1. Using only the alpha-carbon atoms, how far is helix 221-230 inclined from the longest principal axis of the chain? Give it as 0 to 90 degrees, nearest 10.
2. What is the calculated FRET efficiency for LYS720 to GLN225, with r their C-beta to C-beta distance and R₀ = 41 Å, to the nearest 0.05?
3. For a quick check of your reading of the filter: which GluC sites (Glu not before Pro) in the stretch 378-464 sit in a DSSP loop and have no more than 12 other Cβ atoms within 10 Å?
4. What is the Cα centroid distance between the stretch 296-340 and the stretch 199-262, reported in whole angstrom?
5. Under a Cβ-Cβ cut-off of 13 Å, what is the net charge of the residues other than ALA265 that fall near it, where Lys and Arg count +1 and Asp and Glu count -1?
6. In Å, what is the Rg of the alpha-carbon atoms in the stretch 169-288, and how long is Dmax?
7. Measure off 7 Å from each Cα along the Cα-to-Cβ vector at TYR537 and TRP610, then give the distance between these two points in nanometres to one decimal.
8. Under a crude label model (7 Å from the Cα following the beta-carbon direction), how far is TYR122 from HIS81 in nanometres?
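Values quoted throughout were computed directly from the atomic coordinates according to the rules given, and no laboratory measurement underlies them. Quantities reported herein were computed from a predicted structural model and do not represent experimental measurements. Note that each Cβ is placed from the backbone with ideal geometry, even for glycine, and that neighbours are counted across all protein chains shown.
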Amino acid sequence: MNDVQLKILLFCLGVCSLQWLSSLPNMTVLALLGLLLLALYPWLKMFSLLMLGFIWAATYAISIENTQLPSILEGQDIIVHGRVIDLPANEKTSTRFLFKVDTVIAPKNIENFPKIIKLNWYEKGKVLASSETWQFLVKLKQPHGLANPHGFDYEKWLFQQNIGATGYVRKSLQNKRLAPSDSWRIGGWREAVRRYLDKSNNEHIGVIKALVLGDRSGISAEQWQVFRKTGTSHLIAISGLHIGLVSTLMFGFVRRLMLVFPSIARHAIRFACIASFVSAFLYAALAGFSVPTQRALVMVSLVLGGVFWQRHYKPSQVIIIAILLVLLYDPLALMSPGFWLSFAAVGIILFALVGRLNKPNFIAQLVKTQWAVSIGLLPLGVYFFQQTPVASPLANIIAVPWVSFAVVPLLIIVMPLALINENVAIKGIEWVGDLLGLLWSYLQYLADSEYAYLSIPTVSTWACLAALIGGVIILLPKGFIPKPLACLLFLPLVLPMKAPELDTAEFSATLLDVGQGLSVVIRTSNHTLVFDTGAKYSDKSDMGNTVILPYLKGEGVSRLDALVVSHGDNDHAGGAETLLSRIKTQRLLTSVPDLFVDYPTTDCEGALPWQWDGVRFEMLSLNRLGLLRGNNASCVLRVSSINGSILLTGDIERLAEKILLKYHAERLSSTVLIAPHHGSKSSSTEAFITAVSPQYVLFPVGYKNRFGFPKESIIDRYLKRKINVFDTSNEGAIHVLFKTAKPPSVSSFRQNNVMFWSWREENVSHVE
């Protein structure tokens, strides 16, 4: 590594250091730090470059933070004028889209309003197109996502995308299209291509759209699952693979074409470079200049620039300059796993193969490349996704050349044909779909295997770093360092050494943040129970898949000993089907067996008390005569040991509380209470609270939910009794630990995981 590369690396490390801050410094501090660096630069050049990277990233992040929606505007009617950006997801009952705000019409004189907002329009038949100009009446809220261990950090993603608010379009005469989609804009161009692709009825058109436009909204949840299990998700993310392929094919085509004409043959290389860059640029534009395409375009440009001016760049130089340019343009790009995975993949290929391939045949090179990438990316895959696709090498050795040398080249040929003969082009799209269908059969076969992928509990950063070093050792030429040493470095990753958290009679309860819904995970030393499963709004918005399963996998839970579905409301039962199909479940208890005709069930009313590891589980009977319906028929579960107790009540209301007081008054007292019916006025009666007498009450509620739960009067009812109050909308997931000889401890995910991009409430806690 030369001096210039070292300086670039230090700057990039400074940019990277921003990720570990819980809050951003103010501009005054950054200005003073900048002046200090100028003074110290002659003596501390390297350190100054490190700090310069930090200052650049922090300044960029502050500019985004300053355009976040002020809390005072939450829930207000706001009229905005602007333009639809990206490709809207037009569904049956709603449309999801990004909106670039040009003007706030009302209220007047708003400063630092978000530049980009994410909206839903819940009106049937409303079809939006990218690049259209609109006026909307909207209701907005601050960037706020579900906050759970091992879950997707939605707030981090919103911050990185510079999205300053989310909300919905209100039904109003104020909503009107002011200008149609502009075909001369990139958005209008992409929209025209999407409409053309929509004319095909091929079952794989969603994948084709992803390959052509980077629009993955048409890929079903089942398809995503196959891609993840086989480690082939990268094939449908327009990245270096696709941009490089298009650029290479165009370079070769133009060069050969010009060599046919002797008069211009001497300019063949340079014209091929120009054509190659233009094709790469257009493909990146077609993909909406996503972050992966930006990285790929930068790297392609550097390589083509070297060929054009007849300069030779080392692969390491290309990579490090590409990283620098990407971070100069967007310092927050490194907050995305794709940044690390894409650059790591390129680096691994170069490290493992360049200069060490003695003219191998194509198959040997492909196998070696896939082996190197699979080993090298294993630690990053575990770190970011808590899983490693065992079937990835078998899948990619077929899928990569299939997509690279058959699917994508055919798409490159077919797409321009639409300008000449649309019918021929659509027929070509059908051929592409047939090719994908053959590949899909193979991938689905691998994904259905029991050992297609391994879920690995969350491991420490140090374990991942050790595994990365192990991967480097494995990829080194023979004779440098003994390979068995590398295997030892992988052990903390694949066999995490985590001491058992719970002993006999100890247990934990985690109230997950599933928005407006309920899901609680109860764990003893050797058993796991899930009480309710949150909501399912669509295949891609399923709390079972997006919250509960990632939590269980991250905690190393591979099976459920019991699943309780308290009643049939979607916000409690929606995710159950996903759980039952994706994780082995020993026992299903519910008050609504008709919802689960394909599974053996036990009625909560007939369930006898049981014990696991010194912890007692008891269903409190409410509906012996079968007269209760809906919320009041909810299963009620009490979990207790010598170390404390918790009462889970589903959505019971006054009538059910009265029945509990009549028949189970002596068994209601509990250390922790999950508030009945999310804190509605129809529950939490004075007599019931007195009987339970909890130290803590936890409200499972969604942020700014339309019901206004928990009601202030109900909160006050608990606070008057000096009961500590928590709710998931403010605290995220809430973890309660019942340990021997210790009082129960309550902690929240947001308290323990505050980062500069995290949502903050000015007056969060009701805890006294």
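1. It is inclined by approximately 60 degrees.
2. Details: r = 49 Å, r/R0 = 1.19.
Here the calculated transfer efficiency is 0.25.
3. Values: sites: GLU422, GLU430, GLU450; in loops: GLU450.
Those satisfying the criteria are GLU450.
4. 21
5. Numbers: positive: ARG255, ARG256, ARG266, ARG270; negative: none.
Neighbour charge sum, excluding ALA265 itself: +4.
6. My reading of the Cα-based Rg and Dmax gives 19.3, 66 Å.
7. Inter-label distance under the simple model: 3.4 nm.
8. Taking the two extended label points, one gets 2.9 nm.
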